[in-house]
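Worksheet: one structure, shown below.
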Amino acid sequence: MLKLPIYMDYQATTPLDKRVLDAMMPYFTDRFGNAASKSHEFGWYAEKAVGLYRSKIAGLIGCEPNEIILTSGATESNNLAIKGSAEYYSRKKKKIITVPTEHSSVLDSCSSLAKKGFEIYLLKVDKFGLIDTDELRNVIDDNTALVSIMTVNNEIGTIQPVEEIGRICNEKNVPFHTDATQAVGKIPVNVNKMNIDLMSFTAHKMYGPKGTGALYIRSRGPKVKLVPQIDGGGHERGFRSGTLNVPGIVGFGKACEISIQEMSAEYEMIKSLSERFYKGISLKLDDLFINGHPEKRFPGNLNICFKQADSGTLMMSMKEIAISSGSACSSEAVEPSHVLKAISLKDDEMRTSVRFGFGRFTTVEEIDYAVEKVAECVKRVRGIFNRVLQK
Ligand SMILES: *Cc1c(COP(=O)(O)O)cnc(C)c1O
């Protein structure tokens, strides 16, 4: 039986996998200890769990467990990577290179540094949201403290050429940070193969709990330096003080373990559902197109422009389907999405774009229901638009 409403907003957050919840449960009750308590069994159990699940997180991205710094989420990881690097280099290097399509936690961290005298260089993106690696080659210099470019875009799904970007940064000895929140657990990500020095990701975008994330910090070849942004008891090798969220970390690690086993099959399933959805609505509707790159994209993220169908009206008319326009973080604001703006969409195209997100628990039945519903509602909203035009 189809249950309504249908969740199609997997880029905002993902449902918690039941297996993840089961792994977490004991750490809320019997095994409640503080992982930093060295003098008794309660602490030892918690510390042991953190060690075990940290190594599962490391396993997913191909690094050593001690290169994983546990945080409260990708927002904090992005702040630590960017502000921490800038502060470390602040005397000698004053330039940070990033992209206008980044998540607000990257862009706002950069704005805050701009007020402190840093130069923020924004690379151009083309109409698909891709950077030009030649431009990066031209602007990266001895004054550059950090390059921060996301792996998969959260609004349009475009995948940047991360491996090549990392190689360019390596050649120039500039640390490379990537916000891989929408990539880890969904497409293969290996920090060594992809030449990544710093990488942010978070549990709740990959079927884990909210409030737990990680920053990968390269410790060898070469070791990456940054200044901690939260001081205190010296947890996480001094990079991030604060009592560890043990149940959250266990859940994060379990989510990583499941991804290692299921990612490739799941990717194929999501791709086929996404194609089924787009084919379905394309047969029923004209005047629509996909925002973002046609091939270099994560298929679970389908941002579609339905010309002449205002996204707000459209979403109101189909409450049975949970989707979003723009990113969830700015859904309170009426401002058009900075990502759609950056890929040079026209004003009316920005106002008529919505994002469908598919994932682990999306079913064929949900897709088929959504195809019918979306087609019906887009036609209805376009009808209203045309009646208004005629008056
Ligand atoms: C969700 C998201 C974030 C923020 O992650 P939190 O763990 O919710 O702080 C950062 N970057 C991208 C690309 C995201 O999709």
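The values are calculated or read from the model by the stated rules, or taken from the named source; none is laboratory data. Keep in mind that what you see is a predicted model, and the values were worked out from it rather than measured. Counting neighbours? That spans all protein chains shown, and the Cβs are built from the backbone with ideal geometry, glycine included. For the accessible areas, the whole protein counts, side chains as well, though only heavy atoms, and no ligand, DNA or RNA atoms are used. Shrake-Rupley method; radii C 1.70, N 1.55, O 1.52, S 1.80 Å.
Structural remarks
- Restricted to region 311-350, and to residues there that are in contact with a His (Cβ under 9 Å, 6 or more places away or on another chain) and under 21 Å from V374 (Cα atoms), the residue that is modelled with the highest pLDDT is G326.
- Matching residues in region 33-52 - criterion: being open to solvent by 30 Å² or more (accessible area, probe 1.4 Å) and either part of a helix (DSSP H, G or I) or touching a residue at least 40 places away in the same chain (Cβ under 8 Å) (or both): N34, A36, E41, F42, W44, Y45, E47, K48, G51, L52
- Within the span defined as region 102-119, one or more residues are of a type in the set (K, R) and over 20 Å from the mean Cα position of the chain (by Cα).
- When I97 is tested against the conditions (1) over 25 Å from P336 (Cα atoms); (2) surrounded by 21 or more Cβ atoms within 10 Å (Cβ to Cβ); (3) touching a Phe, Trp or Tyr at 6+ places or on another chain (Cβ under 7 Å), the lone failure is (1).
- Number of positions in region 53-66 that are in a helix (DSSP H, G or I) and open to solvent by 10 Å² or more (accessible area, probe 1.4 Å): 8
- So Q261, is it in contact with a Leu (Cβ under 9 Å, 6 or more places away or on another chain) and either surrounded by fewer than 20 Cβ atoms within 10 Å (Cβ to Cβ) or of a type in the set (S, T, N, Q) (or both): no
- Helices (runs of 4 or more DSSP H) enclosed by region 67-139 - at least 1 residues per element that are within 16 Å of the ligand (Cβ to nearest atom), among the polar types (S, T, N, Q) and closer than 17 Å to P175 by Cα: 74-89, 104-114
- Candidate set from region 163-207 (those that are in a loop (DSSP other than H, G, I, E, B), of a type outside the set (S, T, Y) and within 10 Å of the ligand (Cβ to nearest atom)); member that is farthest from I61 (Cα to Cα): Q182
- Of the numbered criteria (1) polar (S, T, N, Q); (2) open to solvent by 70 Å² or more (accessible area, probe 1.4 Å); (3) modelled with pLDDT of 95 or more; (4) at negative phi, the one N301 fails is (2).
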